[in-house]
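The values are calculated or read from the model by the stated rules, or taken from the named source; none is laboratory data. Everything quoted here is computed from the prediction, not taken from an experiment. Here the Cβ positions follow ideal geometry from the backbone for every residue, glycine too, while neighbour counts run over all protein chains shown.
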Amino acid sequence: MESFYALALIAGILVAFVLLVLIATSYNSFKVEIPPDADQPSKLRLYHCVYTLLEVLAKNLQSLGIVKEHVLIRLIYDGLPVCRDSQLCIKDLHFDEVPVRIYLPKVPSAGKRRGVIFFHGGCGMFGSIRSYERICRHIARKADSVVVSVGYHLSPEYKYPAQTLECLTATEHFLRIAENYGVDPARIIACGDSAGGTFAATVCQELVNRTGIPKIRAQVLVYPFLQALNFNLPSHQKNAYAAFLSRERTVCYILKYLNKDCSMKEAVLAGSHVPESMNLKYRKWINPDLIPEVFKLGYKPPLPPSFLPEVHEETKELLKARLSPLLAEDAVVCRLPDTCIITCQHDVLRDDGLLYKKRLEDNNVKVSWYHMDDGFHCALGFFGYGIFSFPSSSKIMNHTVNFIKGY
C-alpha cells in the first residue's frame with residue numbers, strides 16, 4: 001500500500017511539473033482580462049484557464065505527432081452526454097446526405113408546429129449535434145417546436161465552404177418536407193450561435209432568391225461572426241483578451257478554418273488584407289462611427305494599415321458575403337426575414353451584431369435585439385449544466401425561446 005501511495009505521489013508531481021512547464025512555455029496564451037461586471041468572473045476565469053491549458057496541451061501533443069490538435073479540442077466541445085428525454089421523440093437522420101438530429105415533441109398538437117433549424121457554433125472546426133443536445137432539447141420543449149440540429153461536417157477534413165453548403169442543403173430539404181413532421185413550412189426559423197450564427201445569416205441570404213420552396217420566417221443570431229474586414233472595431237479593442245475568444249484567437253480560428261497559414265494573423269489583424277478600394281466601399285456598413293457611443297468608451301482609432309497584396313490574394317474568402325454576411329448588398333439584405341440578434345458586452349464579436357442590426361433596420365427588416373451586459377462569448381454553450389452553468393446562459397436561452405414562440 002505504501003508503494004502505491006508513493007507511485008501516486010510521484011505521478012502527481014510529474015503531472016504538476018508538466019502542467020507548470022506548459023503554462024510557463026505558453027504564458028501569453030493564458031493572458032485574459034475578466035471585467036468585474038462579467039457574469040460570475042471567478043468561475044469564468046477558472047473555465048477559461050482550464051480550456052486554455054487543454055488547448056496548449058493539444059498543441060503540444062500535435063507537435064509530438066500523438067494526436068491532432070482539433071481532434072482533442074472537439075472532445076472538450078462535445079461536453080457530457082445527456083439522459084433520455086420522455087417529452088421528445090429524437091431521431092438521427094440524413095437530409096440529402098447531411099447528418100441531422102430531429103427533436104419532435106410527443107404531446108399532440110392542435111395544429112402544425114413551427115420548425116427550428118439549428119446550426120451549432122465552433123468556428124466550423126469544433127462542436128457537434130451532441131454538444132448542443134441540451135440547447136436543442138430545451139428549444140423543442142419550451143417553444144413547442146420541431147427542432148432540426150444540423151451536424152455539418154467539420155474543417156479541416158471537409159474544406160470550406162462545405163460547412164455552409166451543407167447547412168444550406170439541410171435547410172432546403174427541411175423546407176420541402178417540413179409537413180411530413182407536422183411543421184408549418186411558413187413558420188420555420190433559422191437559428192445559430194457564433195459560427196452557427198454566421199451559417200444562419202448566410203443561409204437566409206442565399207435563400208432570398210430561391211423559388212419553389214417556402215421562405216424562412218425568421219432568424220436568430222446569437223453573438224454571430226459576421227465580418228472579417230475590420231478587426232479593430234471598439235469591441236475588438238475592448239475585448240482583445242476576453243475569455244474563450246480573444247481578438248487574436250478569432251483570426252487564428254478563421255485562418256485555420258479556411259486552411260490558411262496562421263503566419264498571416266498579424267497582417268489580417270492590422271487590416272492589411274483589405275485593399276483601400278474595399279475599405280472605402282464598405283465603410284458605409286463597417287465603421288466604428290456606426291457603433292452607439294455607449295459602446296465606444298476607451299476606443300482609439302488605429303493607424304491606417306499598409307495593404308499587402310500577397311495576403312489579400314491568400315485570404316480573398318474573408319471578404320466574400322458567404323463568410324462575411326455584413327458585406328451582402330442591400331438588394332439581398334432588404335429581403336431578409338424578421339431577425340433576433342443577441343449580443344454580449346464582453347465579446348470580441350459584439351460589434352458585428354450591432355452593425356448587422358443597423359444594416360437590417362436601415363433596410364426595413366424587423367429586428368429584436370437583446371444585449372447581455374454581463375454576457376461573454378460561448379455563454380450559451382454552458383446552458384443546461386446546473387451549477388456549472390451561468391445566469392447569462394439561461395438569459396440568452398430565454399430570449400431565444402421567447403422570440404421563437406412569437407412565430
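Quick one: is SER235 touching an Asp or Glu at 6+ places or on another chain (Cβ under 8 Å) and hydroxyl-bearing (Ser, Thr, Tyr)?
Here the answer is yes, as SER235 does meet what is asked.
Given the condition touching a residue at least 12 places away in the same chain (Cβ under 8 Å), within 12 Å of the chain's Cα centre (by Cα) and not in a loop (DSSP other than H, G, I, E, B), answer yes or no: does some residue in the range 207-214 qualify?
No.
If I go through the range 226-240 residue by residue, how many of them are assigned to a helix (DSSP H, G or I) and surrounded by fewer than 22 Cβ atoms within 10 Å (Cβ to Cβ)?
Of the residues in that region, 2 qualify.
Determine which member of the set ARG217, ARG210 is at pLDDT 95 or above and basic (Lys, Arg). Walk me through how you get there before you give the answer.
Details: ARG210 fails: at pLDDT 95 or above.
Among ARG217, ARG210, only ARG217 is at pLDDT 95 or above and basic (Lys, Arg).
For the range 117-157, name all the residues that are closer than 18 Å to ALA379 by Cα and in a loop (DSSP other than H, G, I, E, B). Quick ask: steps written out before the conclusion?
Step one: filter the range 117-157 for residues closer than 18 Å to ALA379 by Cα, giving 118-124, 126-139.
Hits for the range 117-157 are HIS120, GLY121, GLY122, CYS123, GLY124, PHE126, GLY127, SER128, ILE129.
Out of the residues in the range 94-127 meeting the condition of being touching a strand residue (DSSP E or B) at 6+ places or on another chain (Cβ under 6 Å) and over 21 Å from TYR407 (Cα atoms), tell me which one is surrounded by the most Cβ atoms within 10 Å (Cβ to Cβ).
Filtering the range 94-127 for residues that are touching a strand residue (DSSP E or B) at 6+ places or on another chain (Cβ under 6 Å) and over 21 Å from TYR407 (Cα atoms), the one surrounded by the most Cβ atoms within 10 Å (Cβ to Cβ) comes out as GLY121.
Considering only the range 48-75, state which residues are within 14 Å of TYR253 (Cα to Cα) and touching a residue at least 40 places away in the same chain (Cβ under 8 Å).
Matches in the range 48-75: HIS70, ILE73, ARG74.
Yes or no: ILE189 over 14 Å from the mean Cα position of the chain (by Cα), part of a loop (DSSP other than H, G, I, E, B) and in contact (Cβ under 8 Å) with a residue 60 or more places away in the chain?
Working: over 14 Å from the mean Cα position of the chain (by Cα): yes; part of a loop (DSSP other than H, G, I, E, B): no; in contact (Cβ under 8 Å) with a residue 60 or more places away in the chain: yes.
Spelling it out, it is not the case that ILE189 is over 14 Å from the mean Cα position of the chain (by Cα), part of a loop (DSSP other than H, G, I, E, B) and in contact (Cβ under 8 Å) with a residue 60 or more places away in the chain.
Looking only at residues in the range 128-178 that are of a type in the set (S, T, N, Q) and surrounded by 19 or more Cβ atoms within 10 Å (Cβ to Cβ), which one is farthest from LEU207 (Cα to Cα)?
Looking only at the range 128-178, we keep the residues that are of a type in the set (S, T, N, Q), and these are 128, 131, 145, 149, 155, 163-164, 169, 171.
Within this subset, residues satisfying the condition of being surrounded by 19 or more Cβ atoms within 10 Å (Cβ to Cβ) are 128, 131, 145, 149, 155, 163-164, 171.
Details: SER128: 24, SER131: 27, SER145: 22, SER149: 19, SER155: 23, GLN163: 16, THR164: 12, THR171: 9 Å.
Applying the filter and picking the extreme gives SER131.
Give the residues of the range 51-107 that are of a type in the set (Ser, Thr, Tyr) and either within 28 Å of THR164 (Cβ to Cβ) or out of contact with any helix residue (DSSP H, G or I) (no Cβ under 8 Å at 6 or more places or on another chain) (or both), sorted by residue number.
Across the range 51-107, the qualifying residues are TYR51, SER63, TYR77, SER86, TYR103.
Pairs only if they're at least six apart or on different chains, beta carbon under 7 angstrom, first in the range 99-116 and in a loop (DSSP other than H, G, I, E, B), second among the polar types (S, T, N, Q); list them, first residue then second.
Taking only residues 6 or more apart or on different chains, the pairs are LYS106/GLN87.
Any idea which of (1) among the hydroxyl-bearing types (Ser, Thr, Tyr); (2) under 16 Å from ILE341 (Cβ atoms); (3) in a helix (DSSP H, G or I) is the one TYR407 doesn't satisfy?
Unmet for TYR407, out of (1) among the hydroxyl-bearing types (Ser, Thr, Tyr); (2) under 16 Å from ILE341 (Cβ atoms); (3) in a helix (DSSP H, G or I): (3).
Name the residue that is nearest to VAL71 (Cα to Cα), counting only residues in the range 241-280 that are surrounded by fewer than 18 Cβ atoms within 10 Å (Cβ to Cβ) and in contact (Cβ under 8 Å) with a residue 24 or more places away in the chain.
Per the stated criteria, the residue is ASN259.
What is the one condition in (1) on the phi > 0 side of the Ramachandran plot; (2) of a type outside the set (Asp, Glu); (3) touching an Asp or Glu at 6+ places or on another chain (Cβ under 8 Å) that CYS123 does not satisfy?
In the conditions (1) on the phi > 0 side of the Ramachandran plot; (2) of a type outside the set (Asp, Glu); (3) touching an Asp or Glu at 6+ places or on another chain (Cβ under 8 Å), CYS123 misses (3) alone.
Every residue, every condition in (1) surrounded by fewer than 24 Cβ atoms within 10 Å (Cβ to Cβ); (2) in contact with a strand residue (DSSP E or B) (Cβ under 7 Å, 6 or more places away or on another chain); (3) of a type in the set (D, E, K, R), yes or no:
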residue	(1), (2), (3)
LEU308	yes, no, no
GLU313	yes, no, yes
LEU327	yes, no, no
VAL332	yes, no, no
ILE342	no, yes, no
ASP347	no, yes, yes
TYR356	no, yes, no
GLY384	yes, no, no
